[in-house]
């Protein structure tokens, strides 16, 4: 039987990666949308050629890889260019994700994506799990992890779907405001519940 797809998302610093790891350890097949997004712009892939054609060779590093920082600068200030890039990449990333998920052999598979809701990727899933964390905790964790400033973290939070928006799409919410043991306990409970579902619905 084809596995059903769980979308896993949460804001920056919410603990998505720790939750994802917990599911992987329980044998669940998992696809990371960020990895798919990186893969579609690898050298030799058509998307990279289109990007260079559009933005010029300044978006390439000396080794032919995409210079993400340079590209970010170009689209950060120009919503039109950002939309052009999203229109090019989102369908390709979607295809990539679908192909990888199709190879899953576990009863359900997981698509991890920080932009699950914003990018419309939740349409690829049958059920959505949101890792939810109080905003102050998100900020503290991200500053500690990335050595970024509070200002940078809050800017990222602004760009992501609001907590309310994410929770509105959630079928399940995992509140990550304690330690890793408590987190793992919740993953275990959800995993056992998910194994009883068909097509992601009770």
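The values are calculated or read from the model by the stated rules, or taken from the named source; none is laboratory data. A quick note: this is a predicted structure, and the numbers were derived from the prediction, not measured. No Cβ is skipped: glycine too gets one built from the backbone with ideal geometry, and neighbour counts run over all protein chains shown.
Which one is nearest to residue 119 (Cα to Cα), of the residues in the stretch 54-70 that are free of Cβ contacts under 8 Å to residues at least 12 places away in the same chain and in a helix (DSSP H, G or I)?
The qualifying residue nearest to residue 119 (Cα to Cα) is 68.
Looking at (1) modelled with pLDDT of 80 or more; (2) assigned to a helix (DSSP H, G or I); (3) touching a helix residue (DSSP H, G or I) at 6+ places or on another chain (Cβ under 7 Å), which is the one condition that is false for residue 166?
Condition (3) is where residue 166 drops out.
Check whether at least one residue in the stretch 74-84 is in contact with a helix residue (DSSP H, G or I) (Cβ under 7 Å, 6 or more places away or on another chain) and part of a loop (DSSP other than H, G, I, E, B), and report yes or no.
So far as the stretch 74-84 goes, no, none of its residues is in contact with a helix residue (DSSP H, G or I) (Cβ under 7 Å, 6 or more places away or on another chain) and part of a loop (DSSP other than H, G, I, E, B).
Can you report the number of residues in the stretch 175-190 which are within 16 Å of residue 130 (Cβ to Cβ), at pLDDT 95 or above and touching a helix residue (DSSP H, G or I) at 6+ places or on another chain (Cβ under 7 Å)?
1
What number of residues in the stretch 91-119 are surrounded by fewer than 16 Cβ atoms within 10 Å (Cβ to Cβ), more than 22 Å from residue 201 (Cα to Cα) and touching a residue at least 24 places away in the same chain (Cβ under 8 Å)?
Final tally of qualifying residues: 0.
So, of the residues in the stretch 22-34 that are surrounded by fewer than 17 Cβ atoms within 10 Å (Cβ to Cβ) and in contact with a strand residue (DSSP E or B) (Cβ under 9 Å, 6 or more places away or on another chain), which turns out to be modelled with the lowest pLDDT?
34
Can you tell me which residue among 99, 138, 65, 61 is closer than 28 Å to residue 169 by Cα, modelled with pLDDT of 90 or more and over 15 Å from the mean Cα position of the chain (by Cα)?
Unique residue meeting the criteria: 99.
Could you say which residue among 51, 97 is touching a strand residue (DSSP E or B) at 6+ places or on another chain (Cβ under 9 Å), in a helix (DSSP H, G or I) and over 30 Å from residue 6 (Cβ atoms)?
51
If residue 183 passes every condition in (1) out of contact with any strand residue (DSSP E or B) (no Cβ under 7 Å at 6 or more places or on another chain); (2) surrounded by fewer than 18 Cβ atoms within 10 Å (Cβ to Cβ); (3) in the same structural domain as residue 5 (by TED's automatic domain parsing) but one, which one does it miss?
Failed condition: (2).
Quick one: count up the residues across the stretch 100-128 that are assigned to a loop (DSSP other than H, G, I, E, B) and under 25 Å from residue 25 (Cα atoms).
Number satisfying all stated conditions: 11.
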